[in-house]
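Structure first, then comments.
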Amino acid sequence: MTMGRRFLSAVALAAVGAGLAQGSAQAQAPSSAPVDMTAAQARADQTVKAMQPDERTTLTHGIMAIQLFPGAPPIPADAVPGAGYIAGLPRLGVPALKETDASLGVAWVSGARKRGATALPSGIAQAASWDPAVMQAGGAMIGAEARASGFNVLLAGGVNLTRDPRNGRTFEYLSEDPLLSGMLVGAAIRGIQSNNIISTIKHFALNGQETGRQFVDIQIGNAAARESDLLAFQIGIEQGQPGSVMCAYNRVNGNRACDNSWLLNTVLKRDWGYKGFVMSDWGAVPGLDAAMAGLDQQSGEQLDKAVYFGSKLAEKAATDKAWAARLADMNRRVLTAIYATGVDKNPVTPGGQWDAAAHAAVAEQTAIAGMVLLRNQNNALPLLRDAKSVAVIGGYADGGVLSGGGSSQVQGDGGPVVSRPVLAGGMFAGIMQQQFHRSSPLDAIKARVPQAAIHFRDGRYIADAVEAARRSDVAIVFATEWRTEGLDQPDLSLPDGQDALIAAVAAANPRTIVVLETGGPVAMPWLDQTAAVLEAWYPGARGGEAIAKVLFGEANPGGRLPVTFPASVAQLPRPKLDGSDTLDPDFMGNPPTPTTTLKADYNIEGSDVGYRWFARTGAKPLFPFGYGLSYTSFAQDGLSVDGKTARFTLRNTGKVAGDDVGQVYLVDRAGTAKRRLVGFARVHLAPGESRTVSVTIDQRLLADWRDDGKGSGGWTLPAGNYGFALGSDAQTLGQVVTVRLAARNWKD
Ligand code: BGC
């Protein structure tokens, strides 16, 4: 019964989110019952009081719920194979916490659960929708599956800003902008937690690269951090009220993020007033003192050197009042999250059912909403259905669509249709697999042009691909770029000779369409030779069908880039990714020797991440942040701004229905050039239709953070003229509208 209601709401939200009904403005996503942390805290206090001494460290630590190697202790009988398990306190009505990854759906854990789940498109694909409603519908769907699979904690909410497009986890995260990332992750968390389960937001904070992930030390000034990566978390927490924050592996200004009092105590808990609990990333706890730095729960404890938050913590608390108080607070926070989300009143059991078709529809709508049309010469797309011959080349398009690797890997029942090993052996060979979901673009294309001769070539050889392209009306090349947790990309090129393949096919057939299945930005040396390029990202469980619908114009692409596509790595703040020339690839990201150190200097760009860096340096990217074409055309005008809200009008000036995304940027502040996204709205428009929307301007985006020298401080808005412009991307901006604002200072 309950599950049935949940599906309906997920599907209904998807319909709105994908723009089938109408677009949604930035702050107008459908909302579910808000999570009330304050009321939950009072109940938590009662339970903490009722705890016996030997119960006080039950909720503060737990295992990775997978038998890590043959002979390792079995996982508890009531645990579900997955990322984590924290024992409960049945005497006090506190359920065990059963944790699964992650933002793209219920993780596959190499088939350990013997059950699949619906894979959403990658995080960056979701974010390319620029639509909180899409995020919320996706969150509601994966949350429902987590619950039905016996999990009450979803380790979702990856929101680290894309500071380096080579980051291997770019596909899991959302964008390079704090407002866009924060609004979108908050919506996803609302959707997840509407299932009465806990969602995390992660990885707190500044987890910007995988190379040396366990020890890379991020150097950044407090103000720059508050205005960028931390602001994304802050907005996400305000919007989504996640029960838990997962701290990151990396160091920040010297201290490990899970042992970082500034991040956890000062910023998160004091300045933001966060009432939920901080869980560690798996294997990120350096010692017992992390508790005093603000860490509340040790996760995946087999991966740390010791179980710090069990008997060691209990002993300390037994003899030291400050530690006893801290332990009570740790329990209170975990319980607050449990009560606020209703985890205790809505028990989870594995083996629940869901409506697979309805959930697949959510995945497909999300994929469509996030596809970005990057190039479309002479309206090469949409494809006509009277094609006589089509060459389909590469990317295992005969089998499915690519997905990203690591803990977030989701698979449907039966597992991947193709699993291509990266390593021949060793501890990580099992997870270092390029996995494809069972959704064949080739089959979906064939179904739409049944009369056409389809020439499929696997793309291994240029010669036969060129031959097939030469004798076809149109050539569609599927190019893949696999990314994984644990490794960064060495550069932005497509691997395995695909750049040469595309160039040769495009030379043989001027009607060459490139479909990119990439985890993030890639270089396109062949761009000018092609007729069209569609960025499909990792499009999830129904990716093949979604791609075909867009290629044939059954759906109009409305996605916009949530990250800048650089023209070259030389344009980045760090042309060389730190550690890429000194460390060998290592999934764990540990230091090769105990004395090895690694620093990444984020002070270079400070809070000017992504397009803000490009605006500051004047560099011209390959494609700017916010960019995306459509099968129709739009006009944007009528911007008016009073400092608190912006109003503008979007009009469909073309012949087919489509979605436009209005983007408002601060471009000038008191005579200084700026480039900051301050508002956005995705709107669905019929041909000829126009809509006026208004968006609220978060004042923090206009301000600077002033640090008080003690790690805290507040926001400062200088008096002066503020210039705003409406844009179709971060570089294509309309007339500047100026408003005079008075000086203001405030605390969060
Ligand atoms: C990842 C987390 C994940 C955890 C549990 C870690 O390696 O960084 O994102 O939630 O594993 O699987």
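The values are calculated or read from the model by the stated rules, or taken from the named source; none is laboratory data. What you see is a predicted model; the values in this text were computed from it and never measured. With ideal geometry, Cβ positions are generated from the backbone for all residues, glycine too; neighbour counts draw on all protein chains shown.
Where the second residue is in a loop (DSSP other than H, G, I, E, B) and more than 16 Å from the ligand (Cβ to nearest atom) and the first is touching a residue at least 60 places away in the same chain (Cβ under 8 Å) and aromatic (Phe, Trp, Tyr) and lies in the range 475-487, which pairs have Cβ atoms under 6 Å and are six or more apart or on separate chains?
Phe478/Gly394; Phe478/Gly395; Phe478/Ala397
The rows are residues; the columns are (1) buried (at least 22 other Cβ atoms within 10 Å of the Cβ); (2) at pLDDT 95 or above; (3) touching a helix residue (DSSP H, G or I) at 6+ places or on another chain (Cβ under 9 Å); (4) within 17 Å of Thr732 (Cβ to Cβ).
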residue: Val609; (1), (2), (3), (4): yes, yes, yes, no
residue: Arg612; (1), (2), (3), (4): yes, yes, no, yes
residue: Asp637; (1), (2), (3), (4): no, yes, no, yes
residue: Ser640; (1), (2), (3), (4): no, yes, no, no
residue: Gly643; (1), (2), (3), (4): no, yes, yes, no
residue: Val656; (1), (2), (3), (4): no, yes, no, no
residue: Val664; (1), (2), (3), (4): yes, yes, no, yes
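Mind telling me which of the residues Ala725, Ala681 ends up being in a strand (DSSP E or B) and over 30 Å from Glu554 (Cα atoms)?
Values: Ala681 fails: over 30 Å from Glu554 (Cα atoms).
The conditions single out Ala725.
Can you name every residue in the range 109-127 that is surrounded by fewer than 24 Cβ atoms within 10 Å (Cβ to Cβ) and either of a type in the set (A, V, I, L, M, F, W, C) or more than 14 Å from the ligand (Cβ to nearest atom) (or both)?
Narrowing the range 109-127 to residues surrounded by fewer than 24 Cβ atoms within 10 Å (Cβ to Cβ): 109-116.
The answer is Val109, Gly111, Ala112, Lys114, Arg115, Gly116.
Quick check on the range 575-591. Is at least one of its residues surrounded by 22 or more Cβ atoms within 10 Å (Cβ to Cβ), assigned to a helix (DSSP H, G or I) and modelled with pLDDT of 95 or more?
no
Consider Lys275 carefully, then state whether it is part of a loop (DSSP other than H, G, I, E, B), more than 16 Å from the ligand (Cβ to nearest atom) and either surrounded by fewer than 24 Cβ atoms within 10 Å (Cβ to Cβ) or of a type in the set (A, V, I, L, M, F, W, C) (or both). Before the answer, list the steps.
Working: part of a loop (DSSP other than H, G, I, E, B): yes; more than 16 Å from the ligand (Cβ to nearest atom): yes; either surrounded by fewer than 24 Cβ atoms within 10 Å (Cβ to Cβ) or of a type in the set (A, V, I, L, M, F, W, C) (or both): yes.
Taking the combined requirement at face value, the residue satisfies it.
Which members of the range 716-738 meet the condition of being closer than 13 Å to Val641 by Cβ and of a type in the set (Val, Ile, Thr)? Working first, answer last.
Filtering the range 716-738 for residues closer than 13 Å to Val641 by Cβ gives 721-726, 734-738.
Within the range 716-738, Val736, Val737, Thr738 qualify.
Are any of the residues in the range 550-559 acidic (Asp, Glu), at pLDDT 95 or above, over 24 Å from Ala363 (Cβ atoms) and surrounded by fewer than 23 Cβ atoms within 10 Å (Cβ to Cβ)? Outline the logic, then answer.
Looking only at the range 550-559, we keep the residues that are acidic (Asp, Glu), and these are 554.
Cutting the leftovers down to at pLDDT 95 or above gives us 554.
Retained after the next criterion (residues that are over 24 Å from Ala363 (Cβ atoms)): none.
Taking every residue of the range 550-559 in turn, none turns out to be acidic (Asp, Glu), at pLDDT 95 or above, over 24 Å from Ala363 (Cβ atoms) and surrounded by fewer than 23 Cβ atoms within 10 Å (Cβ to Cβ).
Taking only the range 206-226 into account, find how many residues are acidic (Asp, Glu) and surrounded by fewer than 23 Cβ atoms within 10 Å (Cβ to Cβ).
From the range 206-226, those acidic (Asp, Glu) are 210, 217; that's our starting set.
Now restrict to residues that are surrounded by fewer than 23 Cβ atoms within 10 Å (Cβ to Cβ): 217.
Result for the range 206-226: 1.
Among the residues of the range 663-718, write down those that are among the small types (Gly, Ala, Ser) and touching a strand residue (DSSP E or B) at 6+ places or on another chain (Cβ under 9 Å).
Residues satisfying the conditions are Ala670, Gly671, Ala673, Gly679, Ala681, Ala686, Gly688, Ser690, Ser694, Ala703, Gly713, Gly714.
Looking only at the range 82-105, filter to residues that are within 12 Å of the ligand (Cβ to nearest atom) and of a type outside the set (Asp, Glu); which one of those is farthest from His359 (Cα to Cα)?
Quick first cut of the range 82-105, residues within 12 Å of the ligand (Cβ to nearest atom) only: 82-85, 99-104.
Among the residues that remain, those that are also of a type outside the set (Asp, Glu) are: 82-85, 100, 102-104.
On the way: Gly82: 21, Ala83: 23, Gly84: 25, Tyr85: 26, Thr100: 18, Ala102: 16, Ser103: 15, Leu104: 13 Å.
Out of the qualifying residues, it is Tyr85.
Can Leu650 be described as of a type in the set (A, V, I, L, M, F, W, C), buried (at least 21 other Cβ atoms within 10 Å of the Cβ) and free of Cβ contacts under 8 Å to residues at least 60 places away in the same chain? It would help to see each step written out before you state the result.
Working: of a type in the set (A, V, I, L, M, F, W, C): yes; buried (at least 21 other Cβ atoms within 10 Å of the Cβ): yes; free of Cβ contacts under 8 Å to residues at least 60 places away in the same chain: yes.
So Leu650 fits the description; yes.
Name the one entry in Thr58, Thr38 that is touching a strand residue (DSSP E or B) at 6+ places or on another chain (Cβ under 6 Å) and either modelled with pLDDT of 50 or more or over 22 Å from Ser199 (Cα atoms) (or both). Give the derivation first.
Values: Thr38 fails: touching a strand residue (DSSP E or B) at 6+ places or on another chain (Cβ under 6 Å).
Going through Thr58, Thr38 in turn, the sole match is Thr58.
Identify, please: which residue in the range 158-172 is within 16 Å of the ligand (Cβ to nearest atom) and out of contact with any Phe, Trp or Tyr (no Cβ under 9 Å at 6 or more places or on another chain) and is, among those, nearest to Met183 (Cα to Cα)?
Out of the qualifying residues, it is Glu172.
Would it be correct to say that Arg326 is more than 21 Å from Met64 (Cα to Cα) and modelled with pLDDT under 95?
No: the conditions fail for Arg326.
Pairs, please: C-beta under 7 Å, at least 6 apart or cross-chain, first residue free of Cβ contacts under 8 Å to residues at least 40 places away in the same chain and in the range 244-266, second assigned to a helix (DSSP H, G or I)?
Arg251/Ala257; Cys258/Ala290; Asp259/Asp289; Asp259/Ala290
Restricting to the range 287-318, name every residue that is part of a loop (DSSP other than H, G, I, E, B), surrounded by fewer than 22 Cβ atoms within 10 Å (Cβ to Cβ) and away from the ligand (no atom under 16 Å from the Cβ).
Selection gives Gly287, Met292, Ala293, Lys305, Ala306, Val307.
Would you pick out the residues in the range 421-443 that are in contact (Cβ under 8 Å) with a residue 12 or more places away in the chain, surrounded by 14 or more Cβ atoms within 10 Å (Cβ to Cβ) and not polar (S, T, N, Q)?
Val422, Phe428, Ile431, Met432, Phe436, His437, Arg438, Pro441, Leu442, Asp443
Check Arg511, Arg483 and return the single one that is of a type outside the set (Phe, Trp, Tyr), within 16 Å of the ligand (Cβ to nearest atom) and buried (at least 20 other Cβ atoms within 10 Å of the Cβ).
Criteria check complete, one pass: Arg483.
What pairs come out if I take residues in the range 71-92 that are closer than 18 Å to Arg115 by Cα and among the charged types (D, E, K, R) and pair them with residues that are in a loop (DSSP other than H, G, I, E, B) and away from the ligand (no atom under 16 Å from the Cβ) whose C-beta lies under 8 Å away, six or more apart or interchain?
The qualifying pairs are Asp78/Ala96.
Evaluate the range 249-262: report whether one residue or more is away from the ligand (no atom under 16 Å from the Cβ), hydroxyl-bearing (Ser, Thr, Tyr) and closer than 19 Å to Pro178 by Cβ.
no
Name every residue in the range 353-392 that is small (Gly, Ala, Ser), crowded, with 20+ Cβ neighbours inside 10 Å and in contact with a Ser or Thr (Cβ under 7 Å, 6 or more places away or on another chain), in order of residue number.
Once the filter is applied, which keeps residues that are small (Gly, Ala, Ser), crowded, with 20+ Cβ neighbours inside 10 Å and in contact with a Ser or Thr (Cβ under 7 Å, 6 or more places away or on another chain), the range 353-392 yields Ala363, Ala369, Gly370, Ala391.
Out of all the residues in the range 511-518, is one or more over 18 Å from His455 (Cα atoms) and in contact with a helix residue (DSSP H, G or I) (Cβ under 6 Å, 6 or more places away or on another chain)? Even if it seems obvious, please write down each step before you answer.
Here is the first cut: in the range 511-518, the residues over 18 Å from His455 (Cα atoms) are 516-518.
In the following step, the residues that additionally are in contact with a helix residue (DSSP H, G or I) (Cβ under 6 Å, 6 or more places away or on another chain) were identified as none.
Within the range 511-518 (the criterion being over 18 Å from His455 (Cα atoms) and in contact with a helix residue (DSSP H, G or I) (Cβ under 6 Å, 6 or more places away or on another chain)), the answer is no, since none of the residues qualifies.
Hey, any hits in the range 490-508 for a residue that's more than 29 Å from Arg166 (Cβ to Cβ) and either within 16 Å of the ligand (Cβ to nearest atom) or over 33 Å from the mean Cα position of the chain (by Cα) (or both)?
Let us first name the residues in the range 490-508 that are more than 29 Å from Arg166 (Cβ to Cβ), namely 508.
Within this subset, residues satisfying the condition of being either within 16 Å of the ligand (Cβ to nearest atom) or over 33 Å from the mean Cα position of the chain (by Cα) (or both) are 508.
Taking every residue of the range 490-508 in turn, at least one turns out to be more than 29 Å from Arg166 (Cβ to Cβ) and either within 16 Å of the ligand (Cβ to nearest atom) or over 33 Å from the mean Cα position of the chain (by Cα) (or both).
Could you tell me whether Leu161 is surrounded by fewer than 24 Cβ atoms within 10 Å (Cβ to Cβ), out of contact with any His (no Cβ under 7 Å at 6 or more places or on another chain) and either closer than 22 Å to Arg675 by Cβ or aliphatic (A, V, I, L, M) (or both)?
Details: surrounded by fewer than 24 Cβ atoms within 10 Å (Cβ to Cβ): no; out of contact with any His (no Cβ under 7 Å at 6 or more places or on another chain): yes; either closer than 22 Å to Arg675 by Cβ or aliphatic (A, V, I, L, M) (or both): yes.
Taking the combined requirement at face value, the residue does not satisfy it.
Let me confirm something: among Arg213, Arg270, which residue is away from the ligand (no atom under 16 Å from the Cβ) and either basic (Lys, Arg) or touching a residue at least 12 places away in the same chain (Cβ under 8 Å) (or both)? Don't jump to the end; show me each part of the working.
Details: Arg213 fails: away from the ligand (no atom under 16 Å from the Cβ).
Result: Arg270 is the single residue among Arg213, Arg270 that is away from the ligand (no atom under 16 Å from the Cβ) and either basic (Lys, Arg) or touching a residue at least 12 places away in the same chain (Cβ under 8 Å) (or both).
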